[in-house]
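Asks: I'd like to ask some things about the structure below.
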């Protein structure tokens, strides 16, 4: 007899089955997350289009061309700024078309900043005129905010004894000027997530601090979405606008704004 007839296959280790099952589970969850994320964007768009002001908007019944839509956006932008100018609070005007960000009080420009760069979700480019007016045709208010810097820093100083001590203190302050990575974000009441990144040409601040800040924010959001995905629920989608300005200006604007600032955006 041939001895090969009596040879037996080595049993597959149980651990291999476990690894295959785990890998299969990850693939299923990843596919489920991808599909539900796409559905979340569609659901968000449908929810906006179902709003009463959007459904009753007369502009949605007219044929729209790009030139007319740009004029409509400009009209909504000016009307929103007039609304905010009637308030007594410092506000933020974000003109993405002209790459200008302004700090204003009662319509008076307190500080104007050049936007270095910005990125926005494709969601905003799919808005019809009525949906655009629903998001950007009225003033938005900031809700929760997170940042890498303190909103109102407190400094405790001792009075100098003489002028020589004052000079020494000034020189030491200049030499040891603290450089901070400035990144902050606001969740607006219209559902838009507005992010500011401080960016300088020579990157004086700690690059890793900024990356770590955004990493934890993204990780928190992904964790929430995955928890809903596993429960076969469509995760909540928040359209996002990310703006890059200089670090010094990002710091000054963040600390000048109230805790819940009014914001108008020209997209």
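Each value in this text was obtained by applying a stated rule to the coordinates, not by laboratory testing. This structure is a prediction, so every number in the text was calculated from the model and none was measured. Glycine gets a Cβ as well: all are built from the backbone with ideal geometry, and neighbour counts include every protein chain shown.
Asks: If you check 59, 100, which single one turns out to be surrounded by 13 or more Cβ atoms within 10 Å (Cβ to Cβ) and out of contact with any strand residue (DSSP E or B) (no Cβ under 9 Å at 6 or more places or on another chain)? Let's see the steps before the verdict.
Replies: Details: 100 fails: out of contact with any strand residue (DSSP E or B) (no Cβ under 9 Å at 6 or more places or on another chain).
Of the residues listed, the single one that is surrounded by 13 or more Cβ atoms within 10 Å (Cβ to Cβ) and out of contact with any strand residue (DSSP E or B) (no Cβ under 9 Å at 6 or more places or on another chain) is 59.
Asks: Is it true that residue 241 is closer than 19 Å to residue 115 by Cα, crowded, with 16+ Cβ neighbours inside 10 Å and under 14 Å from the mean Cα position of the chain (by Cα)? Even if it seems obvious, please write down each step before you answer.
Replies: Values: closer than 19 Å to residue 115 by Cα: yes; crowded, with 16+ Cβ neighbours inside 10 Å: yes; under 14 Å from the mean Cα position of the chain (by Cα): yes.
Considered against the rule, which asks whether it is closer than 19 Å to residue 115 by Cα, crowded, with 16+ Cβ neighbours inside 10 Å and under 14 Å from the mean Cα position of the chain (by Cα), residue 241 comes out as yes.
Asks: Quickly run through the stretch 91-112 and pick out the residues that are touching a helix residue (DSSP H, G or I) at 6+ places or on another chain (Cβ under 8 Å) and farther than 19 Å from residue 245 by Cα.
Replies: Scanning the stretch 91-112 gives 106, 107.
Asks: I'd like the full set of residues that are within 21 Å of the chain's Cα centre (by Cα) and in contact (Cβ under 8 Å) with a residue 40 or more places away in the chain, limited to the stretch 39-56. Steps first, answer last, please.
Replies: Step one: filter the stretch 39-56 for residues within 21 Å of the chain's Cα centre (by Cα), giving 39-45, 47-48.
Correct list: 39, 40, 41, 43, 44, 45, 48.
Asks: OK, next. Please determine whether any residue of the stretch 235-249 is touching a strand residue (DSSP E or B) at 6+ places or on another chain (Cβ under 6 Å), assigned to a helix (DSSP H, G or I) and closer than 25 Å to residue 98 by Cβ. It would help to see each step written out before you state the result.
Replies: Within the stretch 235-249, the subset touching a strand residue (DSSP E or B) at 6+ places or on another chain (Cβ under 6 Å) is 238, 240-245, 247, 249.
With the extra rule that they be assigned to a helix (DSSP H, G or I), the set shrinks to 247, 249.
In the following step, the residues that additionally are closer than 25 Å to residue 98 by Cβ were identified as 247, 249.
So far as the stretch 235-249 goes, yes, one or more of its residues are touching a strand residue (DSSP E or B) at 6+ places or on another chain (Cβ under 6 Å), assigned to a helix (DSSP H, G or I) and closer than 25 Å to residue 98 by Cβ.
Asks: What number of residues within the stretch 250-260 satisfy the criterion of being assigned to a loop (DSSP other than H, G, I, E, B) and crowded, with 20+ Cβ neighbours inside 10 Å? Please lay out each step first, then the result.
Replies: Quick first cut of the stretch 250-260, residues assigned to a loop (DSSP other than H, G, I, E, B) only: 257-260.
Still in the list and also crowded, with 20+ Cβ neighbours inside 10 Å: 257.
Going through the stretch 250-260 one residue at a time, the tally reaches 1.
Asks: Residues that are surrounded by 13 or more Cβ atoms within 10 Å (Cβ to Cβ) and part of a loop (DSSP other than H, G, I, E, B): does the stretch 223-234 have at least one? Full working, then the answer.
Replies: Within the stretch 223-234, the first condition is being surrounded by 13 or more Cβ atoms within 10 Å (Cβ to Cβ), and the residues that meet it are 225-226, 228-229, 234.
Next, only the ones that are part of a loop (DSSP other than H, G, I, E, B) stay: 234.
For the stretch 223-234, residues surrounded by 13 or more Cβ atoms within 10 Å (Cβ to Cβ) and part of a loop (DSSP other than H, G, I, E, B): present.
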